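One structure below.
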Amino acid sequence: MNDEKVFDVCIVGAGIAGSTCAYYLAKKGIQVLLLEKKEFPRDKICGDAITPRAQIHLKRMGVLDSVLREKKGHWAKIGGILSPGGIRYSGNSAVRTGSPLVIAIKRIILDEKMAKAAVEAGASLVENYSVKGAELSRSEGLWTVYSRDKGGSSYRSRVLVLADGAHSRLARSLGVISTKPKAICSRAYVEAGTFRFNEDGVCFYRPSIVPGYLSIFRQADDSLGLCCYIMPGGKSKIVDLKRMHHTLITEDPYISAELGPDARIGKMRAGFLRTELVKESYSDHFLIAGDAAGHIDPLTGEGIQYAMDAAEIAAGVLEEAFLKNDLSKKFFQRYYKRCMKSFGRDFRWSSRMTKWFVRYPIFLDAYASLCGRRGDTFMLEWAYIMIGSKPKKYFFRPGMALPMIFESIRLRKKTPTRRATL
């Protein structure tokens, strides 16, 4: 056992949530240990699209400036949507703000820079550390974290934060999580110069995977990141991912045309998504953040910005807890409440919208059609809601809901029987 030092906080997982939390804690002068089971640089299955809320954190951490300076990010300026009914719209996301909303950064680059930012802020990082288990001594008020490696060091801390992904084996072993993730995402890169796709980012909502979708985002090295999201509630299930991934890129007339016959598509990899909030995301001397806590939008599968928001909230609550010398479950309840206020309530609206899109996919057609009739301004209003810059309940405001309803009626009259496509 490593008895030389007791950390204030030990964070398991140096991904988005873990590194962000470590950064904010270290900036507050709190002694934090960050454990990562692999060695950087290491990959993570993700759509690689970084939204404005996430960019705020990356700017504070110095990561965004580093990415831009090294030209390792690509701003998604031109792009749009293909609706289930085959209505296509592409626009310019910088038309109103002067700059694009989303930037694509590969996670193999992003995660390493974030971990380094945490270290520069004062956090201690241990790589290649696979956690076997953790035990809380209530008499001492200390956690002991054990390594899977024989002879590996164990560490002690006053608080344990789990940020070890959707499966969170440690949370499962501790009995905190018992359910399995209900969503999944594939990811494959398309070699630069081998495809026809000439935009920055497009979401393809095909009838077979709604409320999920297939996204294509251009990367800084001019390759494409291609992801297929299977979300709960639609026709496709988790077990269908591999089949749907390959079927859509080879047989769907729209997607296959975008890629072209010569596209060199890399190996498909997959990662699970936990899209249901874990209510018991806190206990005595204990918090969960990021994918492990279900901090992923049920409508879009976006988790980066919410993991970072939750990480900052966790750091703030922990600072308060140390000042008051109260690391109890009752005190940490404020962590869950603040997460709910920040994004959890919005996730409830996302769940409603998910069911709505499954039942009435024509609303996605109506959106694409309205974009064609009203232009980029309408596209941006929708985009702000989808990426979390505005609440999901804004979908139901008259300025958005009424045009969508009238356009859906118009489309229904125009095409009474809608053909099912891939």
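The values are calculated or read from the model by the stated rules, or taken from the named source; none is laboratory data. Computed from a predicted structure; not experimentally measured. Neighbour counts are summed over all protein chains in view; Cβ atoms, including those assigned to glycine, are modelled from backbone coordinates with ideal geometry.
Tell me the helices (runs of 4 or more DSSP H) entirely within region 335-390 that contain at least 2 residues that are of a type in the set (S, T, N, Q). Before you say what the answer is, go through the steps one by one.
Values: elements: 345-359, 362-374, 376-386.
Those helices (runs of 4 or more DSSP H) span 345-359.
Would you confirm whether any residue within region 54-74 is within 16 Å of Glu381 (Cα to Cα) and either at pLDDT 95 or above or not assigned by TED's automatic domain parsing to the domain that holds Arg158 (or both)?
No - not one qualifying residue is present in region 54-74.
Condition (residue is surrounded by fewer than 18 Cβ atoms within 10 Å (Cβ to Cβ) and of a type in the set (D, E, K, R)) applied to region 93-105: is it met by at least one residue? Talk me through it step by step, then tell me what you get.
Residues of region 93-105 that are surrounded by fewer than 18 Cβ atoms within 10 Å (Cβ to Cβ), as a first pass: 94-99.
Remaining after also requiring of a type in the set (D, E, K, R): 96.
Among the residues of region 93-105, at least one is surrounded by fewer than 18 Cβ atoms within 10 Å (Cβ to Cβ) and of a type in the set (D, E, K, R), which makes the answer yes.
Could you tell me which residue of region 1-35 is nearest to Ala292 (Cα to Cα), considering only residues that are among the hydrophobic types (A, V, I, L, M, F, W, C) and in a helix (DSSP H, G or I)? Give the derivation first.
In the first step, residues of region 1-35 are kept if they are among the hydrophobic types (A, V, I, L, M, F, W, C); the result is 1, 6-7, 9-12, 14, 16-17, 21-22, 25-26, 30, 32-35.
With the extra rule that they be in a helix (DSSP H, G or I), the set shrinks to 16-17, 21-22, 25-26.
On the way: Ile16: 11, Ala17: 9, Cys21: 14, Ala22: 16, Leu25: 19, Ala26: 22 Å.
Only one residue tops the list, namely Ala17.
State yes or no: is Ala220 surrounded by fewer than 18 Cβ atoms within 10 Å (Cβ to Cβ) and closer than 26 Å to Trp75 by Cα? Steps first, answer last, please.
Details: surrounded by fewer than 18 Cβ atoms within 10 Å (Cβ to Cβ): no; closer than 26 Å to Trp75 by Cα: yes.
No; evaluated as a whole, the condition is false for this residue.
What pairs come up if the first residue lies in region 352-369 and is closer than 19 Å to Leu380 by Cβ, the second is crowded, with 21+ Cβ neighbours inside 10 Å and of a type in the set (Lys, Arg), and their beta carbons are under 9 Å apart, counting only those six or more places apart or on different chains?
Between residues of region 352-369 that are closer than 19 Å to Leu380 by Cβ and residues that are crowded, with 21+ Cβ neighbours inside 10 Å and of a type in the set (Lys, Arg), the close pairs are Met353/Lys392.
Checking Arg60 against (1) crowded, with 18+ Cβ neighbours inside 10 Å; (2) not in a loop (DSSP other than H, G, I, E, B): exactly one of these is not met. Which one?
(1)
Quick check on region 153-163. Is at least one of its residues at positive phi, modelled with pLDDT under 95 and hydroxyl-bearing (Ser, Thr, Tyr)? Break it down into steps so the answer makes sense when it comes.
Initial filter on region 153-163 (at positive phi): none.
So far as region 153-163 goes, no, none of its residues is at positive phi, modelled with pLDDT under 95 and hydroxyl-bearing (Ser, Thr, Tyr).
Only one residue in Leu248, Leu241 is more than 25 Å from Ser90 (Cβ to Cβ), outside the structural domain of Lys337 (by TED's automatic domain parsing) and outside any loop (DSSP other than H, G, I, E, B). Which one?
Numbers: Leu248 fails: more than 25 Å from Ser90 (Cβ to Cβ).
On inspection, the qualifying residue turns out to be Leu241.
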